[in-house]
Structures are given as structure tokens and as C-alpha cells.
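Novice: Mind looking over this structure? Questions follow.
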Amino acid sequence: MPYLTSTGAAVRTSGAERFGLGVPGYAHPLLAPAEWAELSRPGTPLHWAVLNIDDGPGARPDPHCLEAAGRLRNARERALRGDAPDDTVRAAAGGRLLGHLDLAFGVRPAGELLADARAFLDWYRVGGFFLDRCPAGRAELPAARRLTSTLAALLADSDSADEQGGRLVLGHDTHPYPGYAEAADQLVTFRGPWTDYRWSQVAGWTAAYEPSRFAHFVHGIPRTHLEEAMRIARWQGAGTIFFTDRDDEKGQTDPFAALPSYWDEFVSRIGPGISE
């Protein structure tokens, strides 16, 4: 186990919190039917999954994505009603489908982003949004807050809204300026290879928040290091994770687009009744 340090206050180490899956975006349902089927399978400890069609909602409703979104929505509703006793994580966290919005590090106009958000709501009835390539600096924070406030209002007015509300996730992929923690429900504070993750450090300010506020996406993790990676995630206070042995080499342009080879073991480790 590598030596991990923080940049400030002590991080959580109790290990009492339960992990859940955040899926940064599988390939198109036509190309990855097994991946999308796994998301709606009872007992899959899903916090949320991202729907991304051509870096957004696409030009028109896609029938394959409509079907996948419907299955995921039905699984969520069954879990919330208590009809699927094994889906305790999904019931607690919502198991939402999030629409992918590419902020391009703050360059894209708000009007374009809101148009994409409305299309996701109208076509796919998403339960929130994943704001990819979100800026992380202090100067960009006011604009990010305005955007997330507007998106929250859109979600509240949509027919996707329920008692739990919608979900907004900021994809910084690194530790941003601390104020971003108040701008959304969750921040992605790590996305990258295992070779970096195993030696990574956590920002001290994150210790003031619950693990449900942070997500980590790590690729290139060998099966033999899966337990170690989960210990690091707990130590660093992440509640939502996605780990895979796939990497971005040998033509695999997106290591998160498909299931890891150890998917069943990964799910069993973080599913109901599994503790570390």
C-alpha cells in the first residue's frame, strides 16, 4: 500500500460508507448492449450512469438510447418502490441516468449547454447532468454556479423530477477550487490511470464533506490490485467509483466505454452486504 498524504486536514478513514458505481459513459447501446443491460440488472449498485451521444444528446432522439434510458428508469422506479430488494444502493442513491454536457473548460456558451440539457430532458427524461471538462479555477466558479443553478431549475420543472430531486455532477477530474463543492451534488476529483492513482494525494478541504460528494474513475487497474484501489478510494473519501483494467493503449481510446474483465467481482465487492 503506497503512502498517502493529504494537503491539509485529516481525511476520513472509517470505511463505514458504502461505495456505489458511477459510469462515466458506455459506448452506444447498439455497440455495448451487455454494458447497458448490466446497469439495469437488479442488485447492480448504481449511483448514476452517463448517456453521451456525440458529446451531447445528438441531433434527434435515438431509438436505441431511448430503450436503454427506459430500462434504466424502470429499474430505478422498481428500486424506489421496494419491488427489488437487492437494489438497496440504487434505491438509496437513485440510480439515475445523467445527460452528458461538455463544458470545454468553460469555453462553450451557456445557451448551447442549456439547449443540450433541454433536449436530454425532452427526449430521454434524464435525472440529472454530468458536466464534463468542467473548469476548476476560482475565476470560473461564478459562471459554473450560474449554470448549475439554471440546470437545477430545469430539472425541478421537468417530469423527471421526484422527491429526491435531480443530480448534478461536475467532471473536473482533479481537485478544483473548494467553492465548487457548493455548486453541485458531486465532484469527480480523479480520472486517470492506476499508475497515477496509487500515488495520488487528496486535497485536505475534501475532509469537510461526506464521501457521497466525490467520485473517482480509474483505468488500468490489474485484478490483483483491485482491493488496494478500493482502500485508496476509501482513504481519500470517494463514495462513487468506477474501476477497470482497460486502458487507453493499444487502440482503446476510451477505457471506460466497456465493462472491466472483472466486472462481476467488482460489483460483488461493493454491492449489498459487502464490506471492506
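Novice: Please work out if Asp116 is open to solvent by 10 Å² or more (accessible area, probe 1.4 Å) and within 14 Å of the chain's Cα centre (by Cα).
Specialist: no
Novice: Additional query: Quick check: anything in the range 184-203 touching a Gly at 6+ places or on another chain (Cβ under 9 Å) and among the basic types (Lys, Arg)?
Specialist: yes
Novice: Could you go through the range 142-154 and let me know if any residue there is open to solvent by 10 Å² or more (accessible area, probe 1.4 Å), part of a loop (DSSP other than H, G, I, E, B) and not hydroxyl-bearing (Ser, Thr, Tyr).
Specialist: No; the residues of the range 142-154 include none that is open to solvent by 10 Å² or more (accessible area, probe 1.4 Å), part of a loop (DSSP other than H, G, I, E, B) and not hydroxyl-bearing (Ser, Thr, Tyr).
Novice: Sticking with this structure for a sec: Answer yes if at least one residue in the range 157-178 is in contact with a strand residue (DSSP E or B) (Cβ under 9 Å, 6 or more places away or on another chain), in a helix (DSSP H, G or I) and open to solvent by less than 10 Å² (accessible area, probe 1.4 Å), and no otherwise.
Specialist: The answer is no, given that none of the residues of the range 157-178 is in contact with a strand residue (DSSP E or B) (Cβ under 9 Å, 6 or more places away or on another chain), in a helix (DSSP H, G or I) and open to solvent by less than 10 Å² (accessible area, probe 1.4 Å).
Novice: Can you pull out the residues in the range 59-84 that are surrounded by 18 or more Cβ atoms within 10 Å (Cβ to Cβ) and part of a loop (DSSP other than H, G, I, E, B)? Outline the logic, then answer.
Specialist: Start the filter on the range 59-84 by keeping residues that are surrounded by 18 or more Cβ atoms within 10 Å (Cβ to Cβ), which leaves 62, 65, 68-69, 72-73, 75-76, 79-80, 84.
Across the range 59-84, the qualifying residues are Asp62, Ala84.
Novice: Considering the range 90-102 alone, what residues qualify as being touching a Phe, Trp or Tyr at 6+ places or on another chain (Cβ under 9 Å), open to solvent by 10 Å² or more (accessible area, probe 1.4 Å) and over 13 Å from Tyr124 (Cβ atoms)?
Specialist: Of everything in the range 90-102, just one residue is touching a Phe, Trp or Tyr at 6+ places or on another chain (Cβ under 9 Å), open to solvent by 10 Å² or more (accessible area, probe 1.4 Å) and over 13 Å from Tyr124 (Cβ atoms), namely Ala93.
Novice: Answer yes or no: is there a residue in the range 28-47 that is touching a Pro at 6+ places or on another chain (Cβ under 8 Å), in a strand (DSSP E or B) and at pLDDT 95 or above.
Specialist: Scanning the range 28-47 turns up no residue that is touching a Pro at 6+ places or on another chain (Cβ under 8 Å), in a strand (DSSP E or B) and at pLDDT 95 or above.
Novice: Name the residue that is nearest to Ala208 (Cα to Cα), counting only residues in the range 179-189 that are without any contact (Cβ under 8 Å) to a residue 40 or more places away in the chain and assigned to a helix (DSSP H, G or I).
Specialist: Filtering the range 179-189 for residues that are without any contact (Cβ under 8 Å) to a residue 40 or more places away in the chain and assigned to a helix (DSSP H, G or I), the one nearest to Ala208 (Cα to Cα) comes out as Ala181.
Novice: Could you tell me which residue of the range 206-230 is farthest from Ala257 (Cα to Cα), considering only residues that are in a helix (DSSP H, G or I) and β-branched (Val, Ile, Thr)?
Specialist: The selected residue is Thr206.
Novice: Now for a separate question. Would you mind stating whether Arg191 is of a type in the set (Lys, Arg), over 18 Å from Arg18 (Cα atoms) and either touching a strand residue (DSSP E or B) at 6+ places or on another chain (Cβ under 6 Å) or exposed (fewer than 15 other Cβ atoms within 10 Å of the Cβ) (or both)?
Specialist: Yes; evaluated as a whole, the condition is true for this residue.
Novice: Considering each residue of the range 101-117, count those that are in contact with a helix residue (DSSP H, G or I) (Cβ under 7 Å, 6 or more places away or on another chain) and assigned to a helix (DSSP H, G or I), and give that number.
Specialist: So the answer is 5.
Novice: Within the range 255-276, can one find any residue that is surrounded by 17 or more Cβ atoms within 10 Å (Cβ to Cβ), within 23 Å of Ala104 (Cα to Cα), of a type outside the set (A, V, I, L, M) and under 13 Å from the mean Cα position of the chain (by Cα)?
Specialist: yes
Novice: Can you list residue pairs whose Cβ atoms sit under 6 Å apart, with the first residue in the range 217-246 being within 16 Å of Thr174 (Cβ to Cβ) and the second being open to solvent by 50 Å² or more (accessible area, probe 1.4 Å)? Count only pairs 6 or more apart in sequence or on different chains.
Specialist: Pairs that qualify, where the first residue is within 16 Å of Thr174 (Cβ to Cβ) and the partner is open to solvent by 50 Å² or more (accessible area, probe 1.4 Å), are Phe217/Arg191; His219/Arg246.
Novice: Can you name the number of the only condition in (1) over 19 Å from Thr44 (Cα atoms); (2) under 18 Å from the mean Cα position of the chain (by Cα); (3) open to solvent by 20 Å² or more (accessible area, probe 1.4 Å) that Trp199 fails?
Specialist: Single failed check for Trp199: (2).
The values are calculated or read from the model by the stated rules, or taken from the named source; none is laboratory data. Predicted model, so just to flag it, every value in this text is computed and none were measured. When we count neighbours, we look across all protein chains shown, and the Cβ atoms used for this are built from the backbone with ideal geometry, even at glycine. To get the accessible areas, we keep the full protein, side chains included, count just its heavy atoms, and leave off ligands, DNA and RNA. Shrake-Rupley method; radii C 1.70, N 1.55, O 1.52, S 1.80 Å.
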